[in-house]
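**Student:** Can you keep this structure in mind? I'll have questions shortly.
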Amino acid sequence: MTDTDLAVTEHLPLTSVEFEIMLAVADRERHGYGIILDVEHRTGGAVRLRPGTLYRALNRMLESGFLRETLERPDPEIDDQRRRYYQLTALGRRVAAAEAERLAVAVKNARAKNLLHGRHA
């Protein structure tokens, strides 16, 4: 195991909130409310982040180096300057990928134990 692998695995497992946030910003930068909407949409409403929960997690993730605030702003005509936009860092992307792999193994094991019998999740 390399030093990079160790740096990534020491952060696992992620909380479900952290992983949902990482999924929300994996393909593009988003502001807080955009993250809330993405998570709710992707999970079919099963996961609803409250602002307090979201911003506590965002602060932890910024401190851990998983996320960074972006300096570029969308067109001021369509954006509120108070919004902060977040994106994954290289470390955040590696940690999110490792967590996805960890979860994929868990799903495989659940299928092997017939816990997902008949479901195509």
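Read-outs: derived from the displayed coordinates by stated rules, not from any lab. The structure displayed is predicted, hence computed values, not measured ones. Here the Cβ is made from the backbone with ideal geometry for all residues, glycine too, and neighbour counts use every protein chain on show.
**Student:** With θ set to phi - 60° and the Karplus curve 6.51 cos²θ - 1.76 cosθ + 1.60, what are the ³J(HN,Hα) couplings of region 37-51 in order, to the nearest whole Hz, using x for Gly and Pro?
**Tutor:** Result, rounded to whole Hz: 5, 4, 4, 4, 5, 5, 9, x, x, 5, 10, 10, 7, 8, x.
**Student:** Then there is this: Scan around Y86 for amide H atoms under 5 Å from its own, H built in the peptide plane at 1.01 Å from N, and keep only partners 5 or more places away or cross-chain.
**Tutor:** R30, H31, T70
**Student:** A follow-up question, please. Could you rank the peptides 36-45, 22-31 by their average count of other C-beta atoms within 10 Å per residue, with the highest value first? Each step should come with its number before you reach the end.
**Tutor:** Details: 36-45: 14.4, 22-31: 18.2.
So the order, starting with the most tightly packed, is 22-31, 36-45.
**Student:** For Cα pairs less than 8 Å apart in space and 6+ apart in sequence, what is the mean separation divided by the residue count of the chain, i.e. the relative contact order in percent? Walk me through the intermediate numbers first.
**Tutor:** Working: 104 pairs, mean separation 37.9, N = 121.
This gives 31 percent for the chain.
**Student:** Then there is this: Evaluate region 1-56: find the radius of gyration of its Cα atoms, find its Kirkwood radius, and give the ratio Rg to Rh. It would help to have the intermediate numbers written out before the result.
**Tutor:** On the way: Rg = 13.2 Å, Rh = 12.3 Å.
Looking at region 1-56, the ratio lands at 1.07.
**Student:** Which value, in nm² and rounded to one decimal, describes the direction-averaged projected area of the C-alpha convex hull of the chain?
**Tutor:** Details: hull surface 36.7 nm².
Dividing the Cα hull surface by four gives the mean projection, 9.2 nm².
**Student:** Another question about this same structure. Can you run phi through the Karplus equation (6.51, -1.76, 1.60; θ = phi - 60°) for region 14-28 and list ³J(HN,Hα) in whole Hz, with x for Gly and Pro?
**Tutor:** 7, 6, 4, 5, 4, 5, 4, 5, 4, 4, 5, 9, 5, 9, 5
**Student:** Just add up the charged neighbours of E18: K/R +1, D/E -1, any other residue whose Cβ is under 9 Å from the Cβ of E18. Can you show the working numbers first?
**Tutor:** Values: positive: R60; negative: E20, E99.
My count for the surroundings of E18 gives -1.
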